[in-house]
Amino acid sequence: MKWRLHYCALACAALHTVAAGGAPAPGEARAAATAEPDFTKAREFWAFQPVTAPHVPKVQSSKFKVQNPVDAFVLVKLQAKALQPAPPASKTELIAAFTSI
């Protein structure tokens, strides 16, 4: 089968690329793991930053109702691309959509 040969060639090429980059020897890997971590740099990581409330953008069009801050972000992006949101779905359309999942 041709696709198997192609897949094997791709896999072999990927392994050769990794091997050419040089995998660390077991002793080298342990030496790198025992190095002292840089905590000042680690504290700058986004997950360790305090949570702040983002600035909610102002929507230019009053035709569409902004029910929560997420709506404002979505509407601003749509307006930037000259698009408009879809009209609200009826109850029967919502039921049809959720039951067809």
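Residues checked against (1) in contact with a helix residue (DSSP H, G or I) (Cβ under 7 Å, 6 or more places away or on another chain); (2) in a helix (DSSP H, G or I); (3) not hydrophobic (A, V, I, L, M, F, W, C):
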{"residue": "T40", "(1), (2), (3)": "no, yes, yes"}
{"residue": "H55", "(1), (2), (3)": "no, no, yes"}
{"residue": "V74", "(1), (2), (3)": "no, yes, no"}
{"residue": "P85", "(1), (2), (3)": "yes, no, yes"}
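The number of residues in the stretch 15-38 being at pLDDT below 65, assigned to a helix (DSSP H, G or I) and either exposed (fewer than 10 other Cβ atoms within 10 Å of the Cβ) or touching a Ser or Thr at 6+ places or on another chain (Cβ under 9 Å) (or both) comes to 4.
For the stretch 57-71, the set of residues classified as touching a residue at least 12 places away in the same chain (Cβ under 8 Å) and outside any helix (DSSP H, G or I) consists of P57, K58, V59, Q60, S61, F64, listed by residue number. Scanning the stretch 43-73 for residues that are under 18 Å from P88 (Cα atoms) and loosely packed, with under 14 Cβ neighbours inside 10 Å, we see that the one that is nearest to the chain's Cα centre (by Cα) is V70.
The values are calculated or read from the model by the stated rules, or taken from the named source; none is laboratory data. Please read all numbers here as calculations on a predicted model, not as lab measurements. A quick note on method: Cβ atoms are made from the backbone with ideal geometry, for glycine too, and the neighbour counts reach across all protein chains shown.
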